[in-house]
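All remarks here apply to the structure that follows.
We did not get these values from a lab; they are worked out from the coordinates using the rules stated. Just so we're clear, the structure is a prediction, and the values are computed from it rather than from any experiment. Because the Cβ atoms are built from the backbone with ideal geometry, glycine has one as well, and the counts that use them run over all protein chains shown.
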Amino acid sequence: MSVADRVRLGEVTVLADDWGVLKKTVFDFRRADGSWQRQTRETYDRGNGAVILPYDPVAGRVILIRQFRFPAFVSGCDELMIEAPAGLLDAAAPEERIRAELEEEAGLRVREVERLWDVFMSPGSVTERLFFFVARYDSSHRAGTGGGIAAEGEDIEVLDLAFAEALKMTRDGRIRDAKTIMLLQHAALTIFAGRSGAEPAPA
């Protein structure tokens with residue numbers, strides 16, 4: 001039995017439709033014992049996105065960005081967020097979009113990107129599926145200063161970090177963004193595995 005056989009959609013109400021679409025849906029869900037239960041959920045649809053970790057395996061460095069995130073601020077985070085370059089797909093293919101985002105935000109123009117996986121980052125309320133990538137870079141890939149698009153409210157600082165330092169930042173709380181932590185942990189297990197200094201110091 002597929003999940004679709006266990007869901008009967010009912011009334012759908014659009015609560016907001018601005019940057020994203022917030023809906024309230026009433027539906028019946030067939031429980032494991034065969035009984036049907038009426039449930040109500042709100043879902044936020046802001047589109048799908050992509051994120052990338054640029055890495056230099058020779059120098060042992062990665063490129064991250066730092067920017068203001070209003071939702072984090074109103075949740076009590078009085079710091080700019082350190083993240084991997086990312087953006088919404090806007091109907092483009094994930095590989096195409098992430099190359100453009102990388103150049104806009106970090107000033108890097110890469111030829112090849114490696115797709116890792118796609119995941120739901122907050123499946124309890126947000127419909128977004130996020131596509132994860134990594135890409136090798138060196139000095140020849142620098143195509144500009146990055147910084148984002150000011151007209152879209154972006155004011156981005158580019159960070160060129162030793163990988164060991166970036167990984168340490170996930171342990172001491174300087175990096176608090178989930179997608180970035182996932183990519184740095186992947187890099188620790190694969191790209192930089194076994195290298196001296198790749199593992200963070202004990203807390």
Taking 46-55, 26-35 and ranking on average Cβ neighbours within 10 Å, highest first, one gets 46-55, 26-35
Simple SL model, points at 7 angstrom along Cα→Cβ for Ser125 and Thr40; separation in nm is 1.6
Note on the chain: contact order normalised by length, alpha-carbon pairs under 8 Å, 6 or more apart, percent, works out to 20
Between the alpha carbon centres of the stretch 52-123 and the stretch 1-17 the gap in Å comes to 31
Dividing the mean separation of Cα pairs under 8 Å (6+ apart) by the residue count of the stretch 3-45 yields a relative contact order in percent of 35
Among [x] 58, 41, 36; [y] 51, 36, 24; [z] 50, 35, 31, the value of Cα extents along the principal axes in Å computed for this structure carries the label [x]
In nm, the gap between the two label points placed 7 Å beyond Cα toward Cβ at Phe29 and Ala178 is 1.7
Any aspartates and glutamates whose Cα falls less than 13 Å from that of Lys23, other than same-chain ones fewer than 8 residues away, would be Glu11, Glu42, Asp45
So, relative contact order of the stretch 83-203 in percent, Cα under 8 Å, 6 or more apart, is 21
Cross-link reach from Lys168 to lysines, straight Cα distance under 29 Å and at least 8 residues apart if same chain, gives Lys179
With -39,500 (n - 2.57) per DSSP H segment of 4 or more residues and division by the full residue count of the chain, the 222 nm estimate, nearest 500 deg cm²/dmol, is -6000 deg cm²/dmol
1/(1 + (r/R0)^6) with r = Cβ-Cβ of Val12 and Cys77, R0 = 25 Å, i.e. FRET efficiency to nearest 0.05, evaluates to 0.15
